[in-house]
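Trainee: Structure in structure tokens, see below.
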Amino acid sequence: MTQSAIGEFRPEAGRPRTGGAGAVARFGRASDERLALQEFCPFPQSLEWELGQAYLREKGSRAFLRDAQTVPYAVNNDGSLSLAAARLLFAALHETEQEQKLEEEIRVLELGVGVGLFARLFLEAFRALCRQHGVDYYDRLVYVAGDYSARMLRDGGRHGAFAGHAGRYCLRVVDGLDPVAGLGQDRTGCDAPPFRAVFLNYLLDCLPAAVLEDGPEGPRQLCVRTCLARGLDPDRDTPFGLDGLLARAQSTDPGARRELLEVFPLLAADYDFRPVDPASVPHGDFALAFARGQKIGQVVHSYGAIQCLDRLLPLLHPEGFILVNDYGQVETADGDGFEHQRFSGSTFVGLNFPLLRAYFTQAGEAGWAEPADEEASIHARLVGRELPAEVVERFRELFGKAATEQVQGPARLARALAGSGRVEAAATAYRQALERQPCNLLLLGEVARFVTFALHSPASGVALARQALALKPACSADLWNTRGDGLFALNRLEGQAPKPAGGPCLLVPTLRVGTHGPAAPRPVGEAWRPAGATSVTQCVPDVRTHAERGHEDNKERRMSRGKRPSRRAGPASSCPRSAWVRTARPLCGTRRRRGGRPGRLP
Ligand SMILES: C[S@@+](CC[C@H](N)C(=O)[O-])C[C@H]1O[C@@H](n2cnc3c(N)ncnc32)[C@H](O)[C@@H]1O
């Protein structure tokens, strides 16, 4: 059975049909009636994969913050992972310093930084730990932030991801598949000391993977055919027309193929297995041997992840660690039913953790550690050359289920209590939740709303939202909205919307900003506006700093830009976007938070 990326089952499609009379054969023919832009080829070489990869590279942080259907990122960026990672590094450095082996410059690397929130909250948490314990590790730290998307790095800088940490970080365009090339003078072997830690959050799922099977007809691999989605007319529904689509799809010029990003939402993928020479797939023989050993028919072969980790290990200090946080299978499972994911315009494949563990531990050349028990959504793994026992132990403490529960429990309880109307008890639980996750932007926003609306204390709500925005002002329209709601409530409840003195004023609606993209702002209340003022943000000049005002004005400008007529009028809306995404990747709602024990060395 093959399956399309837009979620329809297509019995027998793409396979020769024998004796195909009857309903099934007719259904198969009907479902084949769509324009193939590229015939079946191995998944990592397909247009589907290529365009998905190009998307993040080209769009930068927009894929996380502004698209209609953004790439989930909250799970790794709510501050808990940063805190746990900072504690782990701190513990590792502390151990090393006891033995007086710590180098002068302490270097860490993050690959695939995305919006840069993990980095920012890590740096904040690490600095706080160092101050708390009176050590100078932070002052000796160099945080190399790498991504293969120069735009992503630029956006992160522009949005203030590293603000307040001047001299402690550098930005590098680095491809995870070939980190040495991108790291240039930062790599080991030049003057730079090796990395004490490498952080890979949702990076390895962006790297190529194959699905292999060793059936009676010999080894086969999953191939993909990229088609225009059913019911679309290339001339009517795309800006390129039939000839233009085919010319771009078949072009040998990657730039021409990339133009198809504009119609990526209109493309669908068919799966089928085709014969393969295992030697043509990196570590193909290893993956098939693994499948045979595990007695599974099909295996998801995370060979891009293997390559990335293989190439990072030599850049690592012998006692350093690579901390992976990603999604995928943790039990050995048959790859049957495999499906890649699309979020926004990018493509991902969940990792095969048992296969990675087998690869890195087979010759005893690398260390591998996992928590004894863990939550199901996202998985932390530690890889290193000679992982010190104390570091592994601390990792298990920080990333195990008990730690997660300790960190997340109060917030969960608070939500349940608030949901059943037990406001005072919920307030107590929320207070405890904040003590345990002081840098969790999402939690701060949630508590700000609770305080504003359930406790009727908008001033505290505004203060909490402001605290969250200070951590990373350009990440969440929700937080700005929460703050705006609080300000509005303050004005209304306390009558603090005095008509400004001097000059004529109008009472105008205040607007609520769309969370993603150019959604039309919604009126949420009223405020005085000096006649002739062009921006709603001029309504409340007394309560905002200059920087905040600038941010809101920019947001408004972005919204009005979003109202420009689209080049792709029509077809985008005729394709049901919600139908594409069937996800095994944890979304915000299933996020996992981690933390450490209070009252001991982090
Ligand atoms: C899914 S996002 C994860 C972002 C962030 N780490 C997080 O957890 O939210 C993947 C990030 O890795 C980057 N990326 C994808 N493929 C890459 C590669 N081959 N080398 C380096 N960076 C890559 C993307 O640009 C993006 O910033």
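The values are calculated or read from the model by the stated rules, or taken from the named source; none is laboratory data. Everything numeric in this text was worked out from a predicted model, so none of it was measured. Don't worry about glycine lacking a Cβ; one is built from the backbone with ideal geometry, like all the others, and counts go over all protein chains shown. For the accessible areas, the whole protein counts, side chains as well, though only heavy atoms, and no ligand, DNA or RNA atoms are used. Shrake-Rupley method; radii C 1.70, N 1.55, O 1.52, S 1.80 Å.
Trainee: Quick one: count up the residues across the range 427-462 that are within 23 Å of Gly484 (Cβ to Cβ) and either of a type in the set (S, T, N, Q) or open to solvent by less than 50 Å² (accessible area, probe 1.4 Å) (or both).
Mentor: The qualifying residues number 21.
Trainee: Anything in the range 377-390 that is in contact (Cβ under 8 Å) with a residue 60 or more places away in the chain, open to solvent by 10 Å² or more (accessible area, probe 1.4 Å) and away from the ligand (no atom under 16 Å from the Cβ)? List them, or say none.
Mentor: Arg385, Glu386, Leu387, Pro388, Glu390, listed by residue number.
Trainee: Taking Asp277 as meeting all but one of (1) over 30 Å from Gly367 (Cα atoms); (2) modelled with pLDDT of 95 or more; (3) within 16 Å of the ligand (Cβ to nearest atom), write down the number of the exception.
Mentor: All conditions pass for Asp277, except number (3).
Trainee: Taking into account only those residues within the range 200-226 that are within 14 Å of the chain's Cα centre (by Cα) and open to solvent by 10 Å² or more (accessible area, probe 1.4 Å), which is farthest from Cys41 (Cα to Cα)?
Mentor: Start the filter on the range 200-226 by keeping residues that are within 14 Å of the chain's Cα centre (by Cα), which leaves 200-207.
Subset that is open to solvent by 10 Å² or more (accessible area, probe 1.4 Å): 201-203, 206-207.
Values: Asn201: 29, Tyr202: 26, Leu203: 24, Cys206: 19, Leu207: 17 Å.
The residue in question is Asn201.
Trainee: For the subset of the range 341-376 comprising residues that are polar (S, T, N, Q) and away from the ligand (no atom under 16 Å from the Cβ), which member is surrounded by the most Cβ atoms within 10 Å (Cβ to Cβ)?
Mentor: Restricting attention to the range 341-376, the residues satisfying the condition of being polar (S, T, N, Q) are 341, 344, 346-347, 352, 361-362.
If we keep only those that are away from the ligand (no atom under 16 Å from the Cβ) too, we end up with 352, 361-362.
Values: Asn352: 27, Thr361: 13, Gln362: 12.
Only one residue fits best here, namely Asn352.
Trainee: While we're on this one: Only one of these is at pLDDT 90 or above and away from the ligand (no atom under 13 Å from the Cβ): Glu50, Glu39, Glu33. Name it.
Mentor: Working: Glu50 fails: away from the ligand (no atom under 13 Å from the Cβ); Glu33 fails: at pLDDT 90 or above.
When all the criteria are applied, what remains is Glu39.
Trainee: Output the residues belonging to the range 191-203 that are within 16 Å of the ligand (Cβ to nearest atom) and either under 16 Å from Leu315 (Cβ atoms) or in a loop (DSSP other than H, G, I, E, B) (or both).
Mentor: Taking the range 191-203 as the starting set, the residues that turn out to be within 16 Å of the ligand (Cβ to nearest atom) are 195, 197-203.
Phe195, Ala197, Val198, Phe199, Leu200, Tyr202, Leu203 - these are the residues of the range 191-203 that are within 16 Å of the ligand (Cβ to nearest atom) and either under 16 Å from Leu315 (Cβ atoms) or in a loop (DSSP other than H, G, I, E, B) (or both).
Trainee: For Val407, state whether it is among the aliphatic types (A, V, I, L, M), within 16 Å of Ala84 (Cβ to Cβ) and at pLDDT 95 or above. Write out each step before concluding.
Mentor: Details: among the aliphatic types (A, V, I, L, M): yes; within 16 Å of Ala84 (Cβ to Cβ): yes; at pLDDT 95 or above: no.
No, not satisfied.
Trainee: Looking at Ser149 and the list (1) within 14 Å of the ligand (Cβ to nearest atom); (2) polar (S, T, N, Q); (3) at pLDDT below 90, which single condition is not satisfied?
Mentor: (3)
Trainee: Given the residues Leu117, Leu109, Leu102, which is the only one that is among the aliphatic types (A, V, I, L, M), buried (at least 24 other Cβ atoms within 10 Å of the Cβ) and out of contact with any Lys or Arg (no Cβ under 8 Å at 6 or more places or on another chain)?
Mentor: Leu109
Trainee: Still on this structure, please answer the following. Please go through the range 204-218 and give me each residue that is more than 15 Å from the ligand (Cβ to nearest atom) and either in contact (Cβ under 8 Å) with a residue 24 or more places away in the chain or among the basic types (Lys, Arg) (or both), ordered by number. Explain how you work it out, then say what you get.
Mentor: In the first step, residues of the range 204-218 are kept if they are more than 15 Å from the ligand (Cβ to nearest atom); the result is 210-218.
Listed by number, the residues that qualify are Ala210, Val211, Leu212, Glu213, Asp214, Gly215, Glu217, Gly218.
Trainee: Let me ask another. Any idea which of (1) within 16 Å of the ligand (Cβ to nearest atom); (2) open to solvent by less than 60 Å² (accessible area, probe 1.4 Å) is the one Ala229 doesn't satisfy?
Mentor: Going through (1) within 16 Å of the ligand (Cβ to nearest atom); (2) open to solvent by less than 60 Å² (accessible area, probe 1.4 Å) one by one, Ala229 breaks only (1).
Trainee: In the range 301-340, how many residues are open to solvent by 10 Å² or more (accessible area, probe 1.4 Å) and polar (S, T, N, Q)?
Mentor: The number of residues fulfilling the criteria is 3.
Trainee: Residue check, Phe126 against (1) under 26 Å from Asn76 (Cα atoms); (2) within 25 Å of the chain's Cα centre (by Cα); (3) modelled with pLDDT under 95, all met but one. Which one?
Mentor: Unmet condition: (3).
Trainee: Now a separate question. I'm told Gly421 meets every condition in (1) at negative phi; (2) in a loop (DSSP other than H, G, I, E, B); (3) not hydrophobic (A, V, I, L, M, F, W, C) except one. Can you identify the failing condition by its number?
Mentor: Of (1) at negative phi; (2) in a loop (DSSP other than H, G, I, E, B); (3) not hydrophobic (A, V, I, L, M, F, W, C), only one is false for Gly421: (1).
Trainee: Of all residues in the range 125-140 being open to solvent by less than 40 Å² (accessible area, probe 1.4 Å) and in contact with a helix residue (DSSP H, G or I) (Cβ under 7 Å, 6 or more places away or on another chain), which is farthest from Arg168 (Cα to Cα)?
Mentor: Going through the qualifying residues, I end up with Leu129.
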